[in-house]
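These notes are about the structure you will find just below.
The values are calculated or read from the model by the stated rules, or taken from the named source; none is laboratory data. Keep in mind it's a predicted model, so treat the numbers as computed, not measured. Don't worry about glycine lacking a Cβ; one is built from the backbone with ideal geometry, like all the others, and counts go over all protein chains shown.
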Amino acid sequence: MLIWFLPVFLVFLMIGLPVFFGLLFAPGLLLWLNGQERDITLLYRNVYNGMDSFPLMAIPFFMLAGELMNRASPPPSPPPPASSARSSRRRGS
């Protein structure tokens, strides 16, 4: 079955299917053709559990935050440095 994975995957890519769906459907189709329908549920359950991780979910949110910051108005100019805000005369003793 492993020998047929690459040709089936490449056929899916040649017909214009995105890589993610090609990687998802090629093993599912091969399992179904071999009569191992029981393993198809395990395959998709493992795919879902692999995607359900905090670091993978954080990536789109960081991209969204960056896009929101790009579209927001630029911040006002920073305040002058503290040395220019002091007066020229000495205080104290």
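Things to note:
- Looking only at segment 53-65, residues that are part of a helix (DSSP H, G or I) and either exposed (fewer than 10 other Cβ atoms within 10 Å of the Cβ) or modelled with pLDDT under 90 (or both) come to 9 in all.
- Residue within segment 58-77 that is in contact with a Phe, Trp or Tyr (Cβ under 9 Å, 6 or more places away or on another chain) and hydrophobic (A, V, I, L, M, F, W, C) present: no
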